[in-house]
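Rule-based calculations on the coordinates, nothing more; no lab input. Note that the coordinates shown come from a computational prediction; the quantities given were computed from them, not determined experimentally. Quick reminder, even Gly has a Cβ in these numbers, built from the backbone with ideal geometry, and neighbours come from all protein chains shown.
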Amino acid sequence: MNKIGFVVNLEKDPFLEYTKKLKNYIIGLGCEVIVLDRFKDVLQLKNGVSTLSELCKNSDFVIVLGGDGTILTVAKCACIYSTPILGINFGTLGYLADVEKNDAFLAVEKVLNNKYSIEKRMMLQIFKDNKPFENYSGLALNEVCLRNNTFSHMIRFEIEINDEFIDSYRADGVIVSTPTGSTAYNLSAGGPILKPDTELISITHLCPHTLYARPYVVSGNDVIKLRIENNEKNIMVFLDGRGVVPVDGSSEIIIKRSKFFTHIIKTTGLGFYDILRRKMVEVGK
């Protein structure tokens, strides 16, 4: 693993001081560092690449310096090339980031010495009216969320699983989550926690206006269809917290497991429940 991509969240390392130290350390180990063009001069590198996709394609693995949001952005490109991601947590919780920034140098050394493991995380892909989105923009590592763009009122929608009608609902929206995303928005909405190595999908309603609406856990092979009632407007689909496209009553959103996986590098040896317990303690502080 001689070519290492760097993706930096400038809000977390605004002057790239930490990034420079890690870059110098890695170059000192005889490795090549790949960055986007806009960072090459500040990091004193001769060459850069123009797009995140190109960075992922040409890297043996990608170091993400930031939080889970930055990792989610990188995952959409990295998954296409099966490029592993090593997350360095600059954020608050950091479920996806493997190590805290104080341990980044040791973590890189472990990867270069093959003392690591890789977790394959399932992803979701959405289709609008049975058509895929361009450039894999319809991929999600955490969740697909359907809701009103302004949260000003509830929406009406139907859910089908494998073409079998489940029910009609009035709610603020619905979250369709991977196991990775089960500890994100899904958890805040009262959904179930799923172990990351399972291939399951959870469906959690947002503030449903009915007593019997409870979360569903279905197979990763199931196909979920969301159909909005005809008079609904200002509805948006959000993938990993980012708006994708407006939908209306004439549209159907189909959600299924993607053929791509996000590959997360693990160097700490901490299990999922250890991480979950520690993060929940941090939230409670």
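Observations, loosely collected:
- Gap separating the Cα centres of the stretch 159-187 and the stretch 62-141, nearest whole Å: 23
- Subtracting the Cα-Cα distance of N162 and D37 from their residue separation scaled by 0.36 nm leaves 40.5 nm.
- Sorted by Cβ density within 10 Å, fewest first, the residues H263, H153, H205: H153, H263, H205
- Our helix-only sum for the chain, with -39,500 (n - 2.57) per DSSP H run of n ≥ 4 divided by its residues, gives a mean residue ellipticity at 222 nm of -5500 deg cm²/dmol.
- Extension gain from R170 to V218, taking 0.36 nm per residue of separation minus the Cα-Cα distance: 15.2 nm
- Candidate values (i) 60, 38, 33; (ii) 70, 46, 38; (iii) 63, 58, 35, label of the one derived for Cα extents along the principal axes in Å: (i)
- Averaging the sequence gap over all C-alpha pairs within less than 8 Å and six or more residues apart, then dividing by the number of residues, gives the stretch 123-259 a relative contact order of 31 percent.
- Taking label positions 7 Å along the Cα-Cβ direction at both I27 and K57, the computed distance is 2.5 nm, reported to one decimal.
- Label point distance in nm, K46-T268, each placed 7 Å from Cα along Cα→Cβ: 3.8
- Summed side-chain charge close to V33 - residues other than V33 whose Cβ falls under 13 Å, Lys, Arg +1, Asp, Glu -1: +4
- In this structure, the amide hydrogen of V247, modeled 1.01 Å from its nitrogen in the peptide plane, lies closer than 5 angstrom to those of I235, M236, V237, counting only residues at least 5 positions away or on a different chain.
- Separation in nanometres of the label points that stand 7 Å from Cα toward Cβ, at K195 and L106: 2.7
- The chain, relative contact order in percent, only Cα pairs under 8 angstrom and at least six apart counted: 19
- Computed from the C-beta positions of S82 and F15 and an R0 of 30 Å, the FRET efficiency is 0.35 to the nearest 0.05.
- Order of T70, T198 - criterion: other Cβ atoms within 10 Å of each residue's Cβ, fewest first: T198, T70
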